[in-house]
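Asker: I have a structure here, written as structure tokens, and I will follow up with some questions on it.
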Amino acid sequence: MPQNHIEIKEIQFANAQLLPEIVKLMDEGHSVTLRLRGFSMRPFLEDNRDKALMVKAISPRVGDAVLAEIAPKHYVLHRIIAIDGDNVTLRGDGNLGTEHCTIGDVKGFVVGFYRKGRKKMDKTNGLKWRLYSAVWTRLFPIRRYLLAIYRRIV
């Protein structure tokens, strides 16, 4: 019996080219797995190591990890920390500052993360992610020091 082998190939593109296409796929109803780039979601997620499974954002809420367009063709994957009417405030777990957009600029919702090369996804509605989120977001006043220690260790 013949076996079907599917070859998976990873290709890297600049975010300004790739992410608008990812948004189109999500708008068409597809889910997308994207390798993460950058350090803004440290310490839980790492650059070029972890992946996010995303779907189109329907009704974003505070605490959600989302893909948002904060300027034309400039996207970030951050957590929503506040929503005031149509205005959304975002902060990466590894960031001290905030970024802003509108509800319409929130393009994708993260369903889960594949971390450390694992095949099993850490779901954003799972106990592990919810506990991490609850603890880490409340540590904001001392996060600067925790991140400095983490950067020296890694």
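Asker: Can you report the number of residues in the stretch 30-75 which are open to solvent by 80 Å² or more (accessible area, probe 1.4 Å), closer than 15 Å to ALA16 by Cα and in a strand (DSSP E or B)?
Answerer: Matching residues across the stretch 30-75 total 1.
Asker: Can you pull out every residue in the stretch 106-118 that is in contact (Cβ under 8 Å) with a residue 12 or more places away in the chain and exposed (fewer than 13 other Cβ atoms within 10 Å of the Cβ)?
Answerer: Those that are in contact (Cβ under 8 Å) with a residue 12 or more places away in the chain and exposed (fewer than 13 other Cβ atoms within 10 Å of the Cβ): LYS116, GLY117.
Asker: Can I ask one more? Taking the criterion of being open to solvent by 60 Å² or more (accessible area, probe 1.4 Å) and in a helix (DSSP H, G or I), would at least one residue in the stretch 98-105 satisfy it?
Answerer: no
Asker: What do you reckon, is ASN95 assigned to a loop (DSSP other than H, G, I, E, B) and at positive phi?
Answerer: no
Asker: Kindly provide the set of residues from the stretch 119-154 that are outside any helix (DSSP H, G or I), among the charged types (D, E, K, R) and open to solvent by less than 50 Å² (accessible area, probe 1.4 Å), ordered by number. Break it down stepwise before answering.
Answerer: Let us first name the residues in the stretch 119-154 that are outside any helix (DSSP H, G or I), namely 119-126, 139, 154.
Checking the rest, the ones that are also among the charged types (D, E, K, R) come to 119-120, 122-123.
Across the stretch 119-154, the qualifying residue is only ASP122.
The values are calculated or read from the model by the stated rules, or taken from the named source; none is laboratory data. As the structure is a computational prediction, the values presented were derived from the model and not from experiment. In this analysis, Cβ positions are derived from the backbone assuming ideal geometry, glycine residues included, and neighbour counts consider all displayed protein chains. All accessible areas refer to the heavy atoms of the entire protein, side chains included, with ligands and DNA or RNA removed. Shrake-Rupley method; radii C 1.70, N 1.55, O 1.52, S 1.80 Å.
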